[in-house]
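Reviewing the structure listed below.
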Amino acid sequence: MARKFLYAFAFLIVLTIAAAFAYRLWGVEIIRWWSVPTTQFETQAPVAANAYADPKMWLAHPQRAKDPARWTPPGYQPAANPSAAVFYVHPTSFLGSAHWNAKLDDTESNARAELFLRAQATAFNASGAIWAPRYRQATFGAFLTNAAAAQQALDVAYGDVSTAFDQFVKEAGDRPIILVGHSQGALHLVRLLHERIAGTPLAKRIVAAYLVGWPISRTTDVAALGLPECTRADQPGCILSWQSFAEPADPSLIVDVYDRTTGFDGHPRKGTPMVCTNPLTGTANATASAQANLGTLIPSAALDSAQMQAGAVPARCDPRGFLLIGDPPAMGNYVLPGNNYHVYDYSLFWANIRADVARRLAAFARGTHGTLSP
């Protein structure tokens, strides 16, 4: 049954990529036809305030003896007694168009989400116990339309994430907190920082926020998040973000949308630089050779295992804020148009990310907290 889900995931990702190619070649109408729901938005009640007290509401939870966030490649082990608490929000794994939001018990979406946990959340299991909520994520097509239903779907998803975070804070006790998200997951964490954490005592407990695979404007957004951009490799209390492209890179699909949006300060994001952390150095706007890469997590063709390879991928931030990784590495079949390695944003730098969070956690423990000025 697990293998069936793996193949279904691979097939649907291929469909996603095909749709993205169609977008580039023939326009937005084709991709909308394929992925944007044509049904009315279904109004949904918020989950109960105590819903996430049930461990079954989590894809990963410290009370589980086994979950996908505890997996490690050969040569690595999760910590037996991690000192931090990790709140991880997975990217979009619901690709259906019959509904605007995934159901919490959607078997295929949850199976795909578990694959993302293995590729992403596992980089943090040597430093923190991992909580990863199920949530009624917005469908893939919600990001390809301006329909009011799309924002309504994202609001439902964020409501679940916010409620899950409340339970996470209760269960985490006084442990330092690490926020981790990718793509849609990063979007919800950005909103959580802005609306729930910035300016509160909770912000002082944040070791780092890994807001990867989502564009964040240095000019219009960072100040509203209550944490600065990470500029030092040993700096705690800061945010990291990157978007990976091989060369030649064509990030026009992202730039076109980004330039039409407004930042948290009310000003247009158009032309503003994006936060770009080089995960090989842990610093902003940096360049590093492949020799600095401690290990890339390369998945098997069936996505049921992975191998580590050191020195495989370099990285450098370009002036606009995209992370360029040189010639296209052989990661698998899920590279998006424009040499966009979005699916692999964490896997490309898995071992460096593991070292990065350990370094920031150690600095946090020493009391060298970040400030709002670089």
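The values are calculated or read from the model by the stated rules, or taken from the named source; none is laboratory data. Remember, it's a predicted structure, so these values are computed and weren't measured experimentally. Neighbour counts run over all protein chains shown; Cβ positions are idealised from the backbone, glycine included. Just the protein is used for accessible areas: all its heavy atoms, side chains included, with ligands, DNA and RNA removed. Shrake-Rupley method; radii C 1.70, N 1.55, O 1.52, S 1.80 Å.
Couple of notes before you dig in:
- Applied to the stretch 325-336, the Karplus parametrisation 6.51 cos²θ - 1.76 cosθ + 1.60 on θ = phi - 60° returns per-residue 3J(HN,Hα) values of 10, x, 4, x, x, 7, 9, x, 9, 10, 7, 8 Hz, with x for Gly and Pro.
- Value of Rg/Rh across the stretch 240-326 [Cα atoms, Kirkwood radius]: 1.06
- Whole-number percent relative contact order across the stretch 222-305, with pairs defined as alpha carbons under 8 Å at least 6 apart: 26
- Taking 0.36 nm per residue of separation and subtracting the current Cα-Cα distance, fully stretching the chain between A65 and A312 would add 85.6 nm.
- Prolate/oblate/rounded label for the stretch 117-183 (Cα gyration tensor, a/c 1.5): oblate
- Placing a pseudo-label 7 Å from each Cα along the Cα-to-Cβ vector at E42 and R320 gives an inter-label distance of 3.8 nm.
- Distances between placed amide hydrogens fall under 5 Å for N285 paired with C276, N278, all partners being 5 or more residues away or on another chain.
- The chain shape via C-alpha gyration tensor axes, a/c threshold 1.5: rounded
- Alpha-carbon centroid distance for the pair the stretch 190-265 / the stretch 79-112, whole angstrom: 21
- The phi torsions of the stretch 43-53, fed into the Karplus equation with coefficients 6.51, -1.76 and 1.60 and a -60° offset, translate into couplings of 4, 10, 6, x, 5, 4, 4, 9, 4, 7, 6 Hz, rounded to whole numbers, with Gly and Pro shown as x.
- Based on protein heavy atoms only, the chain ends up with 42 Å² per residue of surface accessible to a 1.4 Å probe.
- Over the chain, dividing the summed -39,500 (n - 2.57) contributions of all DSSP H runs of at least 4 residues by the number of residues returns a 222 nm mean residue ellipticity of -9000 deg cm²/dmol.
- Surface composition of the chain: carbon plus sulfur atoms contribute 57% of the solvent-accessible area (1.4 Å probe, protein chains only, all chains present).
- Antiparallel bridge percentage (DSSP; both residues within the chain; nearest 5): 45
- Dipole of the chain, positive end: most advanced residue of A355, G367, P328 [Cβ charges, Cα centre]: G367
- Anisotropy class assigned to the stretch 133-282 is oblate, per the alpha carbon gyration tensor with a/c at or over the 1.5 cut-off and a/b no larger than b/c.
- Rg of the Cα atoms in the stretch 308-350, relative to 2.2 N^0.38 Å, amounts to 1.13.
- Spin-label pair E195-A224: with each label point 7 Å from Cα along the Cα-Cβ axis, the two points sit 1.2 nm from one another.
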